[in-house]
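Read the figures in this text as sums done on the coordinates, not as results from a lab. What you see is a predicted model, and the numbers here were worked out from it, not measured in a lab. Note that we place each Cβ from the backbone using ideal geometry, even for glycine, and neighbour counts take in every protein chain shown.
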Amino acid sequence: MSVVGFRTDDTDLQGTMEDEEGYENITVFSGLQQWLLPDVRKLQNRLRTSSTSEGDLMSALVVAIQQIDTATTGKTGNPLKFKRRIVVVTDGRGAMDIGDLEHIQNKIKDSSAPIQLTLLGVDFDDSENGYKEEDKDDHKRKNEETLKEFVEDCDGVFGSLAEAVEQLQIPRIKEVKPTPSYRGTLSLGDARTYDATISIDVERYPCTMIAKPPSASSFVTRTDLAGTQSSATVTGEDDPMNGELSAVRNQRVYQVENPDEPGQKMNVEADELERGYEYGRTAVHISESDANVVNIETSPGLELLGFLDATKFDRYLPMSRSNYIVPQKSNVQAKLALSSFIHALWEADCYAVARLVTKENKPPLIVLLVPRIEPEIEVLVEVELPFEEDMRRYKFPPLDKKLTVSGKTITEHKDLPSDELMQSMSDYVDAMDLSTFDRDDDGEPAEYAKMEDAYSPLLHRVNQMIRWRATHADPSLPLPDPSPILTKYANPPAELIQRTKDQLAALKKAADVKKVPPKAKGRGKRSRAEREKPLSGLDVDELLGNQKRIKIDSTNLIPSFKQTLAATDELEAIQEAADAMGTEIRNLIRNSVADSAYNRALEAMRVMRDEITELEEPEIWNVFVTDLKKELLGKELGGDRREMWWKIRGNKYGLVDRKRCFASAVSEEQAAEFYRGA
């Protein structure tokens with residue numbers, strides 16, 4: 001790309017036509033080159049409003065043509081294969097030398113190297129969009145007419161800048177060149193064993209692909225600016241922070257338990273590790289030599305297994321995105337054979353089931369081949385089918401009836417929709433129909449939210465923000481709002497909502513819709529009266545004469561602790577239960593042979609921490625765990641119990657901070673500091 005400015009304060013042609021007259025006040029901001037982000041930012045700094053009206057548009061056009069000729073002509077003097085395009089932006093107010101228009105027009109339309117000319121006018125009349133500039137002076141009107149006639153004679157595009165800016169809001173769909181994921185044969189029968197087989201050379205291409213937004217890269221602010229620069233460092237003009245960013249390099253470390261130091265980890269190399277597979281909660285080790293034995297040896301191929309009546313196929317079975325099976329390029333015999341097979345399936349109303357292996361030793365897939373015939377295309381649409389292990393069968397009760405224990409069928413029940421509700425819902429769905437809500441250019445009913453008009457907000461919003469930040473490096477600038485075309489279908493049309501108010505009101509009445517009272521927040525389990533009040537209003541424990549306080553049972557530690565907390569909401573009783581639980585945890589640690597009881601103690605600590613936190617009394621837990629740490633590190637629980645402290649630290653059973661419970665007085669920094677020290 002090259003940028004040429006006319007009616008500029010200075011003249012800089014960069015060696016092109018320097019000595020010729022008529023090229024004053026024309027500046028070549030950049031010769032033809034590949035543009036990168038630093039070039040865009042340099043141009044932003046150089047483009048300034050000029051203070052002169054001198055400078056000829058046609059002379060600037062000649063400079064642009066000369067640059068294209070110089071850059072796209074081969075050593076033999078013949079034009080190379082390029083798409084040549086010139087875009088002119090002007091307000092049409094300056095003076096123009098139109099004495100050589102025919103010569104310029106012939107050069108643009110040169111059959112050996114034609115140039116696509118596009119002219120965008122500032123405040124030009126646009127009959128299609130209904131815009132007309134009022135009080136336009138005769139000089140601009142004449143220039144506008146001259147330019148329009150000139151562009152039309154050049155077979156170019158003439159439009160207004162306002163229309164071009166509006167078109168920029170519409171996302172551009174990227175067309176990706178398809179890459180075949182399989183090249184081989186579609187076979188019926190075993191060609192290696194029998195002669196009476198059919199083999200067709202085919203290729204497999206994706207029908208649709210998921211368009212994903214660009215992923216972010218990780219960088220960090222450099223602290224060693226005076227040191228040696230790394231090869232992975234982003235520096236120079238490509239870096240918006242002027243070389244102050246450095247790419248984040250990842251390093252993977254494998255650690256295992258150190259047998260010599262309990263609770264400590266030791267680093268090991270990746271080649272010293274063996275693969276293990278989960279079988280339930282057990283890791284099953286399979287060596288690499290054994291793994292090679294269990295791998296299935298497969299060869300690439302698409303082999304037909306059988307055929308299926310199209311009416312008996314369930315549409316919920318396909319598991320993958322769709323692919324096209326097409327004949328091999330430039331293979332007339334393959335085209336004829338595959339076309340015959342597709343027509344045979346089409347006429348028999350059948351689908352084909354096949355076994356697909358795309359590459360050597362890849363796991364085989366079972367796929368379905370569906371014929372598709374259109375005026376200009378005949379292909380097989382391929383989708384993956386599930387194996388038995390992929391099926392998930394769930395049983396649900398019927399929606400239109402209820403079955404009693406005795407086997408009686410009930411069709412009228414409070415949980416079943418009535419005829420009035422069904423009819424109201426049907427009317428509401430019909431009223432919300434979008435297939436005829438919109439209007440076309442002739443005013444006829446048309447579909448609203450067509451597939452080709454609905455763009456991915458995630459994909460195009462991310463791209464929009466990347467372009468904005470690339471050209472507006474100042475982080476203090478506010479981000480622009482999303483394009484209206486991205487938010488157009490975010491909500492139902494207001495006119496449609498207004499039109500369906502009566503149907504919605506009838507549906508609410510038939511369904512007996514009632515507003516749910518807001519749920520009380522911030523109480524947790526603190527109030528027993530709130531969390532245990534039964535629907536009947538009766539206190540069963542009080543009727544049965546159960547005690548409100550239950551003693552902590554060491555043989556049934558966790559359930560008895562939960563029952564004690566559930567039986568009271570008095571702070572004194574909660575404190576007594578926590579103290580008793582803490583005593584039992586200390587006994588488990590003190591009486592543990594090596595680490596045999598550590599896991600039981602850890603589970604009891606987890607339950608105690610969760611229950612006390614939910615009751616919004618984190619201070620009780622924080623006092624307990626602080627004392628426990630001192631006792632463990634001070635060897636007060638039956639000797640050296642530092643391994644238990646390492647397990648507590650590894651499971652993050654430390655202080656409860658404000659992030660976990662708003663009632664805590666411990667900050668996140670204090671909670672992190674608690675784990676330090678051994």
- Taking H placed 1.01 Å from N in the peptide plane, check which residues at least 5 places from residue 3 or on another chain put their amide H under 5 Å from its amide H. 29, 30
- With +1 on the Cβ of every Lys and Arg and -1 on the Cβ of every Asp and Glu, the dipole magnitude of the chain about its Cα centre, in debye rounded to the nearest 20, is 3420
- Among 174/329; 395/652; 265/551; 562/659, which pairs are too far apart, with a Cα-Cα distance over 31 Å? 395/652; 265/551
- Item | Ranked by how many other beta carbons lie within 10 Å on average, peptides 308-321, 637-650, 286-299 from highest | 637-650, 308-321, 286-299
- Message: Suppose only helical runs count, i.e. DSSP H with n ≥ 4. What mean residue ellipticity at 222 nm does that imply for the chain under -39500 (n - 2.57) per run, divided by all residues and rounded to the nearest 500 deg cm²/dmol?
- Response: -10000 deg cm²/dmol
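Going down the list 401/488; 75/142; 81/142; 335/359; 177/335, which pairs span over 32 Å between their C-alpha atoms?
Pairs exceeding the cut-off: 401/488; 75/142; 81/142.
So how do 610-622, 199-211 stack up, highest first, on mean other-Cβ count within 10 Å?
610-622, 199-211
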- Query: Applying the Karplus parametrisation 6.51 cos²θ - 1.76 cosθ + 1.60 with θ = phi - 60° to the phi angles of the range 486-497, what ³J(HN,Hα) value in whole Hz is obtained for each residue in order, glycine and proline being reported as x?
  - Reply: 7, 9, 4, 9, 6, 9, x, x, 4, 5, 5, 5
- Query: Extension gain residue 97-residue 633, at 0.36 nm per residue separation less the Cα-Cα distance, in nm?
  - Reply: 183.7 nm
- Note on the structure: Given Cβ charges of +1 for Lys and Arg and -1 for Asp and Glu, the option among 597, 386, 626 whose Cα lies farthest towards the positive end of the dipole of the chain is 597
- Pull up the cross-link candidates among the aspartates and glutamates for residue 508, meaning alpha carbon to alpha carbon under 18 Å and not fewer than 8 places away within one chain. 415, 419, 420, 427, 430
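How much length is gained on full extension from residue 47 to residue 501, taking 0.36 nm per residue of separation minus their Cα-Cα distance?
Once the chain is fully extended between residue 47 and residue 501, it gains 158.0 nm.
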- Task: Grab the beta carbon distance between residue 285 and residue 362, set R0 = 25 Å, and tell me the FRET efficiency rounded to 0.05.
- Result: 0.50
- Query: Stokes-Einstein at 4 °C, 1.567 mPa s, Kirkwood radius from Cα pairs: D for the chain in µm² s⁻¹?
  - Reply: 36
- Message: Quick check: residue separation of residue 494 and residue 163 times 0.36 nm, minus the Cα distance between them. What number comes out in nm?
- Response: 116.5 nm
- Note on the structure: Of 456-469, 1-14, 473-486, 113-126, ordering from highest average Cβ density within 10 Å down gives 113-126, 1-14, 456-469, 473-486
- Message: To make sure I understand the rule: partners must be aspartates and glutamates, Cα under 17 Å from the Cα of residue 408, and not fewer than 8 residues away in the same chain. Which ones qualify?
- Response: 400
- Taking the Cβ of residue 382 as the center, what net charge do the other residues with Cβ under 11 Å away carry, scoring Lys and Arg +1 and Asp and Glu -1? +2
